[in-house]
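Bear in mind that the values in this text are calculations on the coordinates, not laboratory data. No experiment lies behind these values; they were computed from the predicted model shown. Every residue, glycine as well, gets a Cβ built from its backbone with ideal geometry; the counts of neighbours run over all protein chains shown.
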Amino acid sequence: MKTEIAFIFDLDGVIVDTAKYHYLAWRNLANSLGFDFTKEQNEQLKGVSRVKSLEILLGIGNMKLPDEKKQELLIKKNEEYLSYVNNMTAEEILPGINNMLDFLIKNDVKFALGSASKNAPLILEKVGLINKFTAIVDGNQVTKAKPDPEVFLLGAEKLKMKPTNCVVVEDAIAGVKAANAANMTSIGIGNADTLKEANYVFEDTSKLTTEFLKSLIN
Ligand code: B16
Ligand code: MG
């Protein structure tokens, strides 16, 4: 008998590359505080919540600030980030993703979003994908960040699917760990060494072929 499966997609690094906008806003914030923040250091922020990202950034700058100041900086960073997000269009959808989503819809395979971003619904709306998702779980709905499985378990619940029948597509190691902890099949997007804990790894989203998807579905 065919087992029904569903997909849960991460947003940044899988559907769109918003990491570049996060980077610009964090770098400008670091510069305004008097230190530099490199692209390599930005890797540490991928898949990490906004609050945790600020902690990491301040650690890099060797800075300790009162909570009130941190709140101010979080607002400032997000305002700049949103100024980039507001200009996003469907052209920023990563290669292969439109094909994959259309293939899943055609084959009656449900899918949800499982993102740490509190801005996830806005981003999906900007790139015109919001109506394709059966369910959305974003950073406003979870209390525990990846690698905790909460975001994906909630996604499975919203899809009315058993976790073992869900397939997660993720670019961050914390996300792959979260998917594994949720007992889901994990597909890593990125470097095979970094994402070696994933059940499958593809170097980028364009490598997610319909042949591979068919092999998972059937
Ligand atoms: P926001 P994902 C994550 O998105 C990003 O990878 C991470 O860099 C960001 O800090 C986090 O969202 C929170 O984003 O500030 O918009 O709430 O990869 O989980 O889709
Ligand atoms: Mg990501």
*asked:* On a 18 Å Cα-Cα criterion, which of the cross-link pairs 20/110; 106/132; 106/126; 162/196 come out too long?
replied: 20/110; 106/126; 162/196
*Using all C-alpha to C-alpha distances in region 123-187, build P(r) with 10 Å bins and read off the rounded percent in each one.*
23, 52, 25, 0
_Inter-part distance where region 49-96 and region 175-218 are each reduced to a Cα centre, Å_ = 27
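With r defined as the distance between the Cβ atoms of residue 78 and residue 40 and R0 fixed at 22 Å, what FRET efficiency is calculated, to the nearest 0.05? Mind showing how you got there, number by number?
Working: r = 23 Å, r/R0 = 1.05.
According to the calculation, E is roughly 0.45.
I'm checking a number: the convex hull volume of the Cα atoms of region 19-85, normalised per residue, in Å³. What is it?
Working: hull volume 4.9 nm³, N = 67.
For region 19-85, the hull spanned by Cα atoms encloses 74 Å³ per residue.
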*Relative contact order (percent, whole number), region 19-85, Cα cutoff 8 Å, 6+ residue spacing*: 45
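Take every DSSP beta bridge with both residues inside the chain and express the antiparallel ones as a percent of the total, to the nearest 5.
Working: 1 of 19 bridges.
Here the antiparallel bridges make up roughly 5 percent for the chain.
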*In whole Å, what are the Cα extents of the chain along the three principal axes, biggest one first?*
60, 33, 30
*Tell me the trypsin sites (Lys or Arg not before Pro) within region 139-206 that lie in a loop according to DSSP and have at most 14 other beta-carbon atoms within 10 Å.*
144, 160, 196
